[in-house]
Amino acid sequence: MLALLKLIDTIITLYIYVIIASAVMSWLLAFNVINIRNQFVYSFSQAVNSLTEPVFRRIRQFLPPLGGLDLSPVIIILGLMFLRDFMWEIFTPGGF
């Protein structure tokens with residue numbers, strides 16, 4: 001059971017890193033620091049967007065971007081952190 005919890009915790013942590021990479025990538029593209037015409041940048045951007053956009057879209061249905069600021073990554077990260085902490089509190093006797 002503990003191994004399964006650690007696996008789920010690792011998957012949640014990796015997804016949080018993917019969300020952060022998505023946010024950083026969008027800023028770098030918006031400020032023309034990196035160019036989407038670069039093949040590596042394009043491939044990385046497509047991979048990150050395919051992992052994050054379905055989840056972002058669900059949050060954006062309820063909370064559209066406010067003044068150009070998209071809060072969906074922040075909400076998802078906070079939700080995942082809560083889920084991870086809640087999972088450890090419920091399934092392990094001593095918590096963390």
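Things worth noting here:
- Residue match in the stretch 66-73 (condition: under 29 Å from Ile90 (Cα atoms) and free of Cβ contacts under 8 Å to residues at least 40 places away in the same chain): yes
- Scanning the stretch 2-44 for residues that are over 30 Å from Ile90 (Cβ atoms), surrounded by 15 or more Cβ atoms within 10 Å (Cβ to Cβ) and in contact with a Ser or Thr (Cβ under 8 Å, 6 or more places away or on another chain) yields one hit, Met25.
- Test: residue in the stretch 21-44 that is under 19 Å from Gly79 (Cα atoms), touching a helix residue (DSSP H, G or I) at 6+ places or on another chain (Cβ under 7 Å) and aliphatic (A, V, I, L, M): yes
- A Cβ distance below 7 Å, combined with a sequence gap of six or more or placement on separate chains, defines the contacts here; from the stretch 31-44, residues that are more than 14 Å from Ala21 (Cβ to Cβ) reach residues that are among the aliphatic types (A, V, I, L, M) in the pairs Asn35/Val41; Ile36/Leu29; Tyr42/Ile36.
Since every read-out is calculated from the coordinates, none of them should be taken as a lab result. Values in this document were obtained by computation on a predicted structure and should not be read as measured data. So basically every Cβ, Gly included, is an ideal-geometry build from the backbone, and we count neighbours across all protein chains shown.
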